[in-house]
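Please read the structure below before turning to the comments.
Here, each number is a calculation from the coordinates, and none is a lab measurement. Since the model is a prediction, treat every value here as computed from it, not as a measurement. Reconstructed Cβ throughout: ideal geometry from the backbone, glycine too, with neighbour counts over all protein chains shown.
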Amino acid sequence: MYRALVLLSVLIFWGSSHAQQSKGTRPAITGISHMTLFADNLEKSQQFYTSILGWEQVPAGRVTPGVRFYANHLQYIELLSAPRPAMINRLDHIGLSTTDVESMRHYLATNGVAVPTSLTTDRYGNKSIEVHDPEGNRVEFTQQGTQAPKGAKAISTRVSTHIIHAGFVAHDRAALDHFYKDLLGFHLYWKGGETAAHTDWVMMQVPEGTDWLEYMLYLSASPSREQLAGANHFSPGVVSVAELDKALKQHGWIPSAQERPPLLGLDGKWQLDLYDPDGTRVEFMEFKTVKDPCCSRFTGPEAAPLPTW
């Protein structure tokens, strides 16, 4: 009986160890790579991203679908032409940076995630794969290539040099946590809500960096275009919102009725919301807190400005 129990224990241990080994080793996920959005008028968007935000347009010249506006040498907003007029959802996908995309493809496949059979390589040598999270959001993992475009704009023209987070509509936190936390190694950075009884925002920080994704949990089942564009957003980090406000106005920004004055968020950081020509919210946020956040503490390192090129 004793020998049988020992043998059974060994088999259970071996099976558990074998299952853990079969999951493989996850390559590093270092931050937000990009966000790809649909635009109704690329020329209007070009004016916003190059003149108001001061970001680098790649390729330069006349804008065509797939144009990118770089905040730094790694991060950009990519615009595609909307496939139909007045689309409600402007978000195509979010990109995450990894150090080894082929290893990421293998790791995800080993863990039961549907992956493409091969990598995609863009004109700059960046290699990528695209998968879906449990709610159907498209997520691209990108490994930077050796032919990255060269920046020509002075750093002084950029109102921010770091996209510190990207947010998207979320419904099932547990399912998303299984993907982003359990499988990909993200960790809870901060969470909060308009009331203590409800969590509206959950920040999940990348495992090998300071950027984070934000679950936007407060929308109804049938949100409007404006509500979706406010939830599916990205956030450039700044040292000072007050200085940002001055720089934006020097760049010709005239606040719309939708663009409210700077406010102090419940997370203890000053922020200023802008909206691109298609209504996507650009949530400028200071890197550092100026007061204790409500609801929970931050649990990871703070972001900071990034070098450009």
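Worth pointing out:
- The residue among PHE168, HIS132, GLY252 whose Cα reaches farthest toward the positive pole of the charge dipole of the chain, with charges on the beta-carbon of Lys, Arg, Asp and Glu, is HIS132.
- For SER128, the shell of other residues with beta-carbons less than 14 Å away shows a net charge of -2, using +1 for Lys and Arg and -1 for Asp and Glu.
- Mean residue ellipticity (222 nm) of the chain, computed from DSSP H runs ≥ 4 via -39,500 (n - 2.57), nearest 500: -5500 deg cm²/dmol
- If R0 equals 25 Å, the separation of the Cβ atoms of GLU135 and LYS23 corresponds to a calculated FRET efficiency of about 0.65.
- Spin-label pair THR289-ALA86: with each label point 7 Å from Cα along the Cα-Cβ axis, the two points sit 4.4 nm from one another.
- Projected label distance in nm at LYS150 and LEU188, using a 7 Å step from Cα toward the beta-carbon: 4.8
- Environment charge of GLU78, counting only residues whose C-beta is closer than 14 Å and scoring Lys/Arg +1, Asp/Glu -1: -3
- Shown in residue order for the range 27-40 are the 3J(HN,Hα) couplings computed by the Karplus curve 6.51 cos²θ - 1.76 cosθ + 1.60 at θ = phi - 60°: x, 5, 10, 9, x, 6, 8, 6, 10, 10, 10, 8, 10, 7 Hz (x for Gly and Pro).
- Under the simplified labelling scheme, the ARG173-ALA257 pair shows an inter-label distance of 3.5 nm, with each label point 7 Å from Cα along Cα→Cβ.
- Legend: distances between Cα atoms for LYS246/LYS269; LYS44/LYS246; LYS127/LYS288; pairs beyond 24 Å are LYS127/LYS288.
- For the chain, built as a Gaussian network whose Cα springs stay under 10 Å, the top-fluctuating residue of ARG225, ARG105, ARG90: ARG225
- With R₀ set to 25 Å, the beta-carbon distance separating GLU243 from GLU43 gives a calculated FRET efficiency near 0.30.
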